[in-house]
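Down below is the structure, laid out as structure tokens.
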Amino acid sequence: MKKILICDFDGTLIKENIEKRLLAYLLREKKLIWYQYILAVISLPINLLRKKIGKGNLFSAWSAFLSVNKYNQLIHDFLEMEAKKITLNSEVLDYIKDFNGKKVLLTGSRLDLVKKYLLYYNQQDLFDEIIGTQTDRRGFIIKIHPYGKEKMKYIRKYNNTVGIGNEYADRYFLKLCKEVIVVNPDDKLEQIAKKNNWKLIRCV
């Protein structure tokens, strides 16, 4: 049976969290609109509470009520300034390139942001499928956020999977995979990895 690779993005394929980097850029460059700060005050506690119980976010304040053109321009400007500072983990990249089977990127970051980042590095064909966060047309309500337990729904339909992740929240989907690789894991995930004899990759 053909193998299927399920790979996380933030902290796994790249060394950091791309959407956190985007938010820092928007704040630093004063790109946010006044009402987005208000929406953040309302939505952030809800999102944080959901993350504590392993569920995805419900709201996205930074993209709320932006036009398509404005939204795309923000992402373009961010990548032009910051993409070179967001590094790919070469060990993980090489493993993915050598993998013989279907390759799926499963990420809690914004789908179009991740796709444009990969395009920037000429890696747009690295994966057969990319599943990432998506909002409604107003940009505020999150329809899909593959984070924590939410990632599990994308694993059950696959057999013979290889899972790659880096943080404790990834444990939900990794436990459903037949083979597991953890990349620079946090302390809690490393304990689980040792207990289950999962492969460990240390990226510098």
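Here are a few things to note about the model shown:
- Total residues in region 93-105, condition closer than 17 Å to GLY132 by Cβ, out of contact with any Gly (no Cβ under 8 Å at 6 or more places or on another chain) and not basic (Lys, Arg): 2
- Restricting attention to region 164-191, the residues being assigned to a helix (DSSP H, G or I) and either without any contact (Cβ under 8 Å) to a residue 60 or more places away in the chain or over 18 Å from ILE96 (Cβ atoms) (or both) number 10.
- Only listed residue being among the hydroxyl-bearing types (Ser, Thr, Tyr), assigned to a helix (DSSP H, G or I) and open to solvent by 60 Å² or more (accessible area, probe 1.4 Å), chosen from TYR95, TYR117: TYR95
- Matching residues, region 98-114, being among the polar types (S, T, N, Q) and open to solvent by less than 80 Å² (accessible area, probe 1.4 Å): THR107, SER109
- Filtered by the rule that a residue be more than 22 Å from THR107 (Cβ to Cβ) and part of a helix (DSSP H, G or I), region 28-49 gives ARG28, TRP34, TYR35, GLN36, TYR37, ILE38, LEU39, VAL41, ILE42, PRO45.
- Of all residues in region 148-184 being in contact with a Phe, Trp or Tyr (Cβ under 8 Å, 6 or more places away or on another chain) and either more than 14 Å from CYS7 (Cβ to Cβ) or among the basic types (Lys, Arg) (or both), the one that is most open to solvent (accessible area, probe 1.4 Å): LYS149
- Region 45-97, residues that are among the aliphatic types (A, V, I, L, M) and closer than 21 Å to GLY163 by Cα: LEU88, VAL92, LEU93, ILE96
- If you go through region 46-93 and keep only what is at positive phi and over 17 Å from the mean Cα position of the chain (by Cα), you end up with just PHE65.
- Residue match in region 7-25 (condition: under 26 Å from TYR120 (Cβ atoms), open to solvent by 90 Å² or more (accessible area, probe 1.4 Å) and either of a type in the set (Val, Ile, Thr) or in contact (Cβ under 8 Å) with a residue 60 or more places away in the chain (or both)): no
- Check on LEU111, within 15 Å of the chain's Cα centre (by Cα) and farther than 12 Å from ASP8 by Cβ: yes
The values are calculated or read from the model by the stated rules, or taken from the named source; none is laboratory data. The model shown is predicted, which means the values in this text are computed figures rather than measured ones. We place every Cβ from the backbone using ideal geometry, glycine too, and count neighbours over all the protein chains shown. For the accessible areas, the whole protein counts, side chains as well, though only heavy atoms, and no ligand, DNA or RNA atoms are used. Shrake-Rupley method; radii C 1.70, N 1.55, O 1.52, S 1.80 Å.
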